[in-house]
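*Asks:* First the structure, then my questions, so here it is.
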Amino acid sequence: MTAVILSRTEKTFTLQIEVPVDTGNMLTSEDLLQQALNEGGRLGTGELLERFEVPDHDPIVLKGQKLRYKHQVAKRYETPYGAVTYERAVYQGHCEGKTWCPLDHHAHIIGAATPKLAKMVSWKYSKMPAPAVAEDLALNHSRKLALSYIKHLSDAVGFLIEDHINDEYEIPQLDEPVSSVAIGLDGTCMLLCDDGWREAMCGTISLYDATGHRQYTIYTASAPEYGKACFLGHLEREIRQIKERFPRADYVGVADGAKDNWRFLKKHTQYQILDFFHVMEYIGAASQALFPDDEKQRESWLDDRLHRLKHKMGSASRLLHELESVDLPRKTPTLVEKLYKAITYLKNNVSLMRYYQAVKNEWPIGSGVTEAACKTLVKQRLCCSGMRWKHGSAAIILGIRALSQTKERWEQFWSHLMVEDRINEPVSAF
């Protein structure tokens, strides 16, 4: 044995680790060091488990039921350093039934995993598939775990996140006061096992200072669902909490032209802004119809009209009138269609094209934050080659990814979990 505990106090223990060294090979020496540290970690974790055990065997009342000490039962605990077997006390009611373990409760054991391992594995699984997680753990941590265990442990963390969906999280210290809050939502397709391609939803709430600098963003995401009730309910809770903290900020909805988005955003924002870059695409297509043979004139016209939209009040209505009254120099079906689509898009959304007001007030005019969330939350993890998902598995991964992508929330979630009163159901290994 290369690790021993030399001494103990009420608040500390001293661990001694003997590390073999290969003076001819640094990498081998580092591997030996990691093995010794893992052995020390297992020994230290066993010491920690003992300190979370109840010192006596007095009866315990759990949800109004009196539980009595039954006996000691050995359990294999999974840790970041390897497996540790420990004999802990279990309790049971007079009607038999499920046993309850005080140690698992006090140490916040998740299934059979220590919190540190659960946190580490679930974070990795939210970033990459289970085989890649297993390979990473084996190569970089000298820790071997089964693929099924990686998934089940991540599922357990995902269920805890769902249980805490109503928790309030602290906003990090911001450099400047919050002047405006931009709210956006968008969808992107992913492949489900049973339903084929369906739309997963992402939402963002971004806090801006008076100069238009984005200081902080809250990310939400949901697996495909009919009606989007769960997703919209979660986003509404986040909005309510932000409005309580920043009641004087301007609330701006920024999204593309999907009608469902605006039905939601108009209920929760004072101002609504159509994504400027979607507008650019339609006006750019219209410029091709207007000047099919003169690229220089086309670019000049396009730059001028986009500049006017951002810096002159009423430019959207004037541009719409201009396009409706234009006589195309060449009326091919393709060019006519481009002009018609641009006119229709502007006509349907002209009331949302308040770019002069947005630029003047330093509000965002693009939905890039939300569209990027669709890529980083959904596409990068759930839409890799050959992937298809069950709804529950996708929901768990999106819940973890949204939490970990929102600055400081991942750490706050685990802090909440470690201090909460978890007198709920008796804990059982999965």
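The values are calculated or read from the model by the stated rules, or taken from the named source; none is laboratory data. Everything numeric here is computed off the predicted structure, so don't read it as measured data. Virtual Cβ from ideal backbone geometry, glycine too; neighbours counted across all protein chains shown. To get the accessible areas, we keep the full protein, side chains included, count just its heavy atoms, and leave off ligands, DNA and RNA. Shrake-Rupley method; radii C 1.70, N 1.55, O 1.52, S 1.80 Å.
*Asks:* Per residue of region 164-173, what does 6.51 cos²θ - 1.76 cosθ + 1.60 with θ = phi - 60° give for ³J(HN,Hα)? Whole Hz please, x for Gly and Pro, Karplus curve as stated.
*Replies:* My calculation for region 164-173 gives 9, 5, 8, 4, 9, 10, 6, 7, x, 4 Hz in order.
*Asks:* Now for a separate question. So who's got an amide H within less than 5 Å of the one on Tyr251, skipping anything under 5 residues away but keeping other chains? H placed 1.01 Å off N, in plane.
*Replies:* Distant-sequence amide H within range of Tyr251: Val181, Gln270, Tyr271.
*Asks:* Quickly estimate the mean residue ellipticity at 222 nm for the chain, helices only: each DSSP H run with n ≥ 4 gives -39500 (n - 2.57), and the total goes over all residues, rounded to 500.
*Replies:* One gets -14500 deg cm²/dmol as the mean residue ellipticity at 222 nm.
*Asks:* Taking all protein chains in place and a 1.4 Å probe, what share, in percent, of the accessible surface of the chain do carbon and sulfur account for? Kindly include the intermediate steps, with their values, before the conclusion.
*Replies:* Working: 11640 of 22510 Å².
With neighbouring chains kept in place, the figure for the chain is 52 percent.
*Asks:* Calculate one ³J(HN,Hα) per residue across region 250-257 by plugging θ = phi - 60° into the Karplus curve 6.51 cos²θ - 1.76 cosθ + 1.60, and present them in order as whole Hz with x for glycine and proline.
*Replies:* Calculated HN-Hα couplings, in order: 7, 9, 10, x, 10, 7, 7, x Hz.
*Asks:* Using only Cα atoms, tell me the angle between helix 26-51 and the longest principal axis of the chain; keep it within 0 to 90° and round to the nearest 10.
*Replies:* It is inclined by approximately 70 degrees.
*Asks:* Cα convex hull of region 235-368: mean projected area in nm², to one decimal?
*Replies:* Working: hull surface 35.3 nm².
Its Cα hull, projected and averaged over all orientations, spans 8.8 nm².
*Asks:* Still on this structure: State, to one decimal in nm, how far the label point of Glu50 lies from the label point of Glu411, with both points 7 Å from Cα in the Cβ direction.
*Replies:* 3.2
*Asks:* In nm, to one decimal, how far is the modelled label at Thr332 from the one at Asp260, with both set 7 Å along Cα→Cβ?
*Replies:* Label-label distance for Thr332 and Asp260, simple model: 3.6 nm.
*Asks:* Based on the Cβ-Cβ distance from Val359 to Trp301, what FRET efficiency comes out when R0 is 30 Å, to the nearest 0.05? Spell out each step's value before the answer.
*Replies:* Numbers: r = 21 Å, r/R0 = 0.69.
It comes out at approximately 0.90.
*Asks:* Could I ask something else about it? Just from the alpha-carbon atoms, what are the Rg and Dmax of region 221-290 in angstroms?
*Replies:* 15.6, 49
*Asks:* Here is a follow-up. Hey, could you pull the Cα Rg and Dmax for region 269-336, both in Å?
*Replies:* For region 269-336, the Cα-based Rg and Dmax read 13.0, 43 Å.
*Asks:* In addition: Give me the 1.4 Å probe accessible area per residue for the chain, excluding ligands and nucleic acids, in Å². Working shown, then result.
*Replies:* Working: 22510 Å² over 430 residues.
Averaged over the residues of the chain, the accessible area is 52 Å².
*Asks:* Sticking with this one: Semi-axes of the equivalent ellipsoid of region 149-204: what are they in whole Å, largest first, if each equals the square root of 5 times a C-alpha gyration tensor eigenvalue?
*Replies:* Details: eigenvalues 182, 90, 16 Å².
Sorted largest first and rounded, they come to 30, 21, 9 Å.
*Asks:* Let me ask something else. Toward the positive end of the charge dipole of the chain, about the Cα centre and with charges on Cβ (Lys, Arg +1; Asp, Glu -1), which of Leu352, Leu328, His94 goes farthest?
*Replies:* Leu328
*Asks:* What whole number of Å gives the distance from the Cα centroid of region 1-27 to the Cα centroid of region 267-303?
*Replies:* Each part's Cα centre sits 66 Å from the other's.
*Asks:* Where q = 0.12, 0.28, 0.30 Å⁻¹, what log10 of I(q)/I(0) comes from the Debye formula for region 103-159, counting one point per Cα?
*Replies:* -0.25, -1.15, -1.27
*Asks:* Please sort 239-248, 221-230 by packing, taking for each peptide the average over its residues of neighbouring beta carbons within 10 angstrom, highest first. Write down the numbers at each step before the final one.
*Replies:* Working: 239-248: 13.8, 221-230: 17.5.
In decreasing order of mean packing, 239-248, 221-230 become 221-230, 239-248.
*Asks:* Turning to a different aspect of this structure: Just to check I understand the Karplus step: with θ = phi - 60° and J = 6.51 cos²θ - 1.76 cosθ + 1.60, what whole-Hz values come out for region 219-227, glycine and proline as x?
*Replies:* 10, 10, 7, 8, 5, x, 8, 6, x
*Asks:* Separate question: Multiply the residue separation of Ala132 and Ala229 by 0.36 nm, subtract the distance between their alpha-carbon atoms, and state the gained length in nm to one decimal.
*Replies:* 31.6 nm
*Asks:* Aspartates and glutamates near Lys360 by alpha-carbon distance under 17 Å, same-chain residues fewer than 8 away left out - which ones?
*Replies:* Those aspartates and glutamates meeting the cut-off are Asp209, Asp250, Asp275.
*Asks:* State the volume of the convex hull built on the alpha-carbon positions of region 5-65, expressed per residue in Å³ and rounded to an integer.
*Replies:* Values: hull volume 6.9 nm³, N = 61.
Looking at region 5-65, the number lands at 114 Å³ per residue.
*Asks:* With N residues in region 1-133, what two-decimal value do you get for its Cα radius of gyration over 2.2 N^0.38 Å?
*Replies:* Values: Rg = 18.6 Å, N = 133, 2.2 N^0.38 = 14.1 Å.
Compared with the compact-globule rule of thumb, region 1-133 sits at 1.32.
*Asks:* Note the per residue figure in Å³ for the convex hull of the C-alpha positions in region 323-415. Display every interim value, and only then the final one.
*Replies:* Numbers: hull volume 18.5 nm³, N = 93.
Normalising the Cα hull of region 323-415 by residue number yields 199 Å³.
*Asks:* Between Val4 and Val73, what is the label-point separation in nm under the 7 Å Cα-to-beta-carbon projection?
*Replies:* About 3.5 nm, to one decimal.
*Asks:* For the pair His164 and Trp197, what calculated FRET efficiency results from E = 1/(1 + (r/R0)^6), where r is the Cβ-Cβ distance and R0 = 41 Å, to the nearest 0.05?
*Replies:* Working: r = 31 Å, r/R0 = 0.75.
Between Trp197 and His164 the formula returns 0.85.
*Asks:* When all alpha-carbon pairs of the chain are counted, what percent fall beyond 43 Å? Mind showing how you got there, number by number?
*Replies:* Values: 30631 of 92235 pairs.
Distances greater than 43 Å cover 33 percent of the Cα pairs.
*Asks:* Translational D (Stokes-Einstein, µm²/s) of region 57-106 at 10 °C and 1.306 mPa s when Rh comes from the Kirkwood sum over C-alpha pairs? Walk me through the numbers on the way to the answer.
*Replies:* Numbers: Rh = 11.8 Å.
My calculation gives 135 µm²/s for D.
*Asks:* Looking at this model, which pairs from Lys98/Lys119; Lys296/Lys341; Lys228/Lys267; Lys127/Lys151; Lys266/Lys347 are more than 20 angstrom apart at the alpha-carbon?
*Replies:* Numbers: Lys98/Lys119 27 Å; Lys296/Lys341 23 Å; Lys228/Lys267 16 Å; Lys127/Lys151 13 Å; Lys266/Lys347 18 Å.
Going by Cα-Cα distance, Lys98/Lys119; Lys296/Lys341 fall outside the 20 Å limit.
*Asks:* Something else now. State the extension gain, in nm to one decimal, for the chain segment bounded by His311 and His213, taking 0.36 nm per residue of separation less the distance between their alpha-carbons. Could the numbers behind the result be given before it?
*Replies:* Numbers: separation 98, 0.36 × 98 = 35.28 nm, distance 1.92 nm.
Full extension from His311 to His213 adds 33.4 nm.
*Asks:* Pairs to check: Lys11/Lys63; Lys11/Lys75; Lys11/Lys116. Give those whose C-alpha atoms are more than 27 Å from each other in this structure. Each step should come with its number before you reach the end.
*Replies:* Details: Lys11/Lys63 31 Å; Lys11/Lys75 25 Å; Lys11/Lys116 20 Å.
In this structure, Lys11/Lys63 lie more than 27 Å apart at Cα.
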